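Notes follow the structure.
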Amino acid sequence: MLGGGEVALEIKSVKEVLPGHLKGLRAFGEEYSPRRRIAVSLDTSPRLVDGMEILPWKIFMEKLWSGEIIR
């Protein structure tokens with residue numbers, strides 16, 4: 001978790017995150033209700049799956065460094 005529990009984060013070393021890859025992030029979100037749930041991966045473009053953000057690692061790092069992930 002980042003930002004005092006506001007952001008749940010999971011790192012995946014896959015080229016494409018599939019819904020089955022998000023079981024842990026989904027379960028964590030149901031129990032703790034973070035504001036954002038993000039899976040960082042080798043995907044080529046950002047997208048949403050069941051309300052969870054899938055971010056390519058480079059985009060995640062840009063957003064993290066610019067203050068868009070944790071405020």
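Throughout, read-outs are computed from the coordinates displayed, never taken from laboratory work. What you see is a predicted model, and the numbers here were worked out from it, not measured in a lab. No Cβ is skipped: glycine too gets one built from the backbone with ideal geometry, and neighbour counts run over all protein chains shown.
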If every Lys and Arg gets +1 and every Asp and Glu gets -1 at its Cβ, then about the Cα centre the chain yields a dipole, in debye to the nearest 20, of 80
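When Lys and Arg each count +1 and Asp and Glu each count -1, what net charge do the other residues less than 13 Å away from Gly4, Cβ to Cβ, add up to?
The answer is +2.
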Give me, ordered by chain and number, the residues 5 or more places off Leu42 or on other chains with an amide H under 5 Å from its own placed amide H. Val14
Could you name the aspartates and glutamates whose alpha carbon sits less than 16 Å from that of Lys58, not counting residues in the same chain fewer than 8 places away? Glu10, Glu16, Asp43, Glu68
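What number, in percent, do you get for the relative contact order of the chain if the mean sequence gap of Cα pairs under 8 Å and at least 6 apart is divided by its residue count?
Details: 105 pairs, mean separation 22.2, N = 71.
Worked out over the chain, it gives 31 percent.
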Globularity index of the range 7-65, i.e. its alpha-carbon radius of gyration over 2.2 N^0.38 Å: 1.02
Under 22 Å Cα-Cα from Lys63, which lysines qualify once same-chain neighbours fewer than 8 residues away are excluded? Lys12, Lys15
Only bridges whose two residues both fall in the range 7-65 count here: according to DSSP, what percent of them are antiparallel, nearest 5? 25
Which of Leu42, Leu25, Leu64, Leu48 has the fewest other C-beta atoms within 10 Å, and how do the rest follow up to the most? Leu48, Leu42, Leu64, Leu25
